[in-house]
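Asks: The structure's right below; bear with me while I get my questions together.
The values are calculated or read from the model by the stated rules, or taken from the named source; none is laboratory data. Predicted, not measured: the structure shown is a model, and the values here were computed from it. Neighbour counts run over all protein chains shown; Cβ positions are idealised from the backbone, glycine included. These accessible areas exclude ligands, DNA and RNA; they are computed on the full protein's heavy atoms, side chains included. Shrake-Rupley method; radii C 1.70, N 1.55, O 1.52, S 1.80 Å.
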Amino acid sequence: MAAILPYSDASIDLAAAELRSGSVVAFATETVYGLGADTFNPDAIAKIYELKRRPMGNPLIAHVIDLASAKRVSSGWTRRSMNLISACWPGPLTIILPRRPEVPAIAAGGYDTIAVRSPRHRLARSLLYACGGAISAPSANRSGGVSPTTAQHVAQDYADQSELIVLDGGPCTLGIESTVVDLSESKPVVRRLGAVTIERLSELLGPIEVDMAVAQSMSPGSSIRHYAPKLPAAIVDREALAQNLASGGRAAVICFANSDVPSNHVRLEMPQDSDGYAAGMYDALRRADESGCERIVIERPLSQHGLWSAIHDRLRRATTM
Ligand code: TXA
Ligand code: MG
């Protein structure tokens, strides 16, 4: 079992020393837990890919404390990118810019661009201060699986890794990954929907294109199916829920408060608001997997706007076979 350490000065110092010596450390951020290594150490980065079983071509996000650190990994900063980060950093926005040649190619999956984000969670910030550099970190799930939003989730995913330290910063408050915006070309393009909404980005950047095809081509095999539980899972419209549950195997049903779920199934009730839903979504998928049921049925949320569009994106990927 990986070792869960409570957040303290001592655990931050220990984890920073591990990072400096080329090890991998898992840590809390406000979005999901990350599996981090020193951005400038190619051997340490290789360990992330190995641990996570991530395809080598899928690039990582470099986490930085501030603009000065961001400029040590990326170039091409303009007024547009600086305005954007003054509005959104520290926080759940990742931007893609040209990679500096000093950054090992493996830290960006071989691409000549690099994704950077300055997290808001104070544990992640303390760790960045203590190690003094940049930390490359994907979400700490095994590749293709459900992202972790608690230290316990990470420890379960790496039950065979007794050496791995997991810095426990409590449950992630946002619970859904950062929004990824590509600013490496003349027109900004959203590569992944996430915690910063398209509406908010349009206020800051003007009308913005969403093109997730490029990001998907970077993770061959796991492109569409992602964030996926182990059990077969389907999204079902509210009106079709009763009929779906009347036949077929016992289901873990991720639903809303007023939904009718027969008592032979397991009910996992979600908040009605998008913030609450996002915060609990991955935990619900994990609990559904462990419920002893044969399948997962997710009641389709009705709203489409704001954070709901990122939630729909994750639910669609979680249920794609
Ligand atoms: O909230 C988050 O972003 C979390 C926490 C730990 O910070 N991290 C995270 O990392 O979700 P990961 O590796 O699971 O997802 C990174 C996403 C992937 O879809 C990847 O393809 C995309 O960002 N990405 C990274 N670098 C890129 C690049 N240079 N060009 C295009 N897409 C890139
Ligand atoms: Mg991920």
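Asks: Under a straight-distance cross-link criterion of Cα-Cα below 17 Å, which lysines are reachable from Lys230, leaving out those fewer than 8 residues away in the same chain?
Replies: Here the lysines satisfying the reach criterion relative to Lys230 are Lys52.
Asks: Follow-up question, since we're still on this one. Keeping all protein chains in position, work out how much accessible area Arg267 exposes to a 1.4 Å probe, and write it in Å² to the nearest 10.
Replies: Taking all protein chains as shown, Arg267 has close to 90 Å².
Asks: A further question follows. For Arg142 and Thr320, compute 0.36 nm times the residue count separating them, minus their Cα-Cα distance, and round to one decimal in nm.
Replies: 62.4 nm
Asks: With charges set only on the Cβ (+1 for Lys and Arg, -1 for Asp and Glu), what does the dipole of region 3-210 come to about its Cα centre, in debye to the nearest 20?
Replies: About 500 debye.
Asks: What figure, in Å² to the nearest 10, do you get for the accessible area of Glu294 with a 1.4 Å probe and non-protein molecules left out?
Replies: Roll a 1.4 Å probe over it and Glu294 shows about 120 Å².
Asks: May I ask you to evaluate 6.51 cos²θ - 1.76 cosθ + 1.60, the Karplus curve with θ = phi - 60°, for each residue of region 71-88 and list the ³J(HN,Hα) values in order in whole Hz, giving x for glycine and proline?
Replies: Once rounded to whole Hz, the list reads 6, 7, 10, 10, 10, x, 5, 10, 4, 4, 5, 6, 4, 4, 6, 5, 7, 10.
Asks: Something else about it: Whose amide H sits under 5 Å from the amide H of Gly144, counting only residues 5 or more places off or on another chain, with H placed in the peptide plane?
Replies: The answer is Tyr227.
Asks: Here is a follow-up. Which of rounded, prolate, oblate describes region 1-158, given a ≥ b ≥ c as roots of the alpha-carbon gyration tensor eigenvalues and a/c under 1.5 marking rounded, otherwise prolate only if a/b is larger than b/c?
Replies: Judged from the Cα gyration tensor, region 1-158 comes out prolate (a/c at least 1.5, a/b above b/c).
Asks: Taking θ = phi - 60°, what integer Hz values does the Karplus form 6.51 cos²θ - 1.76 cosθ + 1.60 yield along region 43-58, in sequence order, with x for Gly and Pro?
Replies: Those phi angles translate into 5, 5, 4, 4, 5, 4, 4, 5, 4, 7, 6, 8, x, 4, x, 8 Hz.
Asks: Within region 4-47, whose backbone N sits under 11 Å from a point 7 Å along Cα→Cβ of Glu102?
Replies: 40
Asks: Calculate log10 I(q)/I(0) of region 175-319 for q = 0.10, 0.12, 0.13 Å⁻¹, where I(q) comes from the Debye formula with a single equal point scatterer on each Cα and nothing for solvent.
Replies: The calculated log intensity ratios at q = 0.10, 0.12, 0.13 Å⁻¹ are -0.38, -0.54, -0.62.
Asks: I've got another one for you. Can you tell me how much longer the chain between Met212 and Arg287 gets when fully stretched, taken as 0.36 nm per residue apart minus their C-alpha distance, in nm with one decimal?
Replies: 24.1 nm is the gain from fully extending Met212 to Arg287.
Asks: Calculate the spin-label point distance for Asp260 paired with Ala68, positioning each point 7 Å from the Cα along the beta-carbon direction, and give it in nanometres.
Replies: The answer from the label model is 6.3 nm.
Asks: Going from most exposed to least, what order do Lys71, Lys187, Lys52 have by accessible area with a 1.4 Å probe?
Replies: The most accessible residue leads, giving Lys187, Lys71, Lys52.
Asks: Shifting gears a bit: Of all beta bridges DSSP finds with both residues in the chain, what is the antiparallel percent, to the nearest 5?
Replies: For the chain, the DSSP antiparallel bridge percentage is about 35.
Asks: Go ahead and estimate [θ] at 222 nm for the chain from helices alone: -39,500 (n - 2.57) per DSSP H run with n ≥ 4, summed, over the residue count, rounded to 500.
Replies: -9000 deg cm²/dmol
Asks: Given H placed on each backbone N at 1.01 Å, which residues far from Ile114 in sequence or on other chains put an amide H within less than 5 Å of it?
Replies: Answer set, sorted by chain and number: Leu97, Arg99.
Asks: Also, quick follow-up: Name the shape class, rounded, prolate or oblate, that the alpha-carbon gyration tensor gives for region 233-319, where a ≥ b ≥ c are the square roots of its eigenvalues, rounded holds for a/c under 1.5, and otherwise prolate holds if a/b is larger than b/c and oblate otherwise.
Replies: Note, shape of region 233-319 comes out prolate.
Asks: For region 3-11, just list the computed ³J(HN,Hα) in residue order, Karplus coefficients 6.51, -1.76 and 1.60, θ = phi - 60°, integers in Hz, with x standing in for Gly and Pro.
Replies: My calculation for region 3-11 gives 9, 8, 10, x, 5, 7, 4, 5, 6 Hz in order.
Asks: I would also like to ask the following. Please list, in chain and number order, the residues 5+ apart from Asp182 or on another chain whose amide H is under 5 Å from its amide H, with Hs placed from the backbone.
Replies: Residues meeting the criterion, in which the H sits 1.01 Å from N, are Ile96, Val189, Val190, Arg191.
Asks: In 10 Å bins starting at 0, how do the alpha-carbon pair distances of the chain split up by percent?
Replies: With 10 Å bins starting at 0, P(r) equals 6, 27, 34, 22, 8, 1.
Asks: Give me the percent relative contact order of region 3-210, please, defined on Cα pairs under 8 angstrom at least 6 residues apart.
Replies: Contact order relative to length: 31 percent.
Asks: Report the label-to-label distance for Leu302 and Ser86 in nanometres (one decimal), using points 7 Å from each Cα along the Cα→Cβ vector.
Replies: The answer from the label model is 4.1 nm.
Asks: For Ser75 paired with Lys230, estimate the spin-label separation in nm (one decimal), with each label point 7 Å from Cα along the Cα-to-Cβ line.
Replies: Inter-label distance under the simple model: 4.7 nm.
Asks: Rank these by accessible area, largest first, 1.4 Å probe: Arg300, Arg125.
Replies: Result of the area sort, largest leading: Arg300, Arg125.
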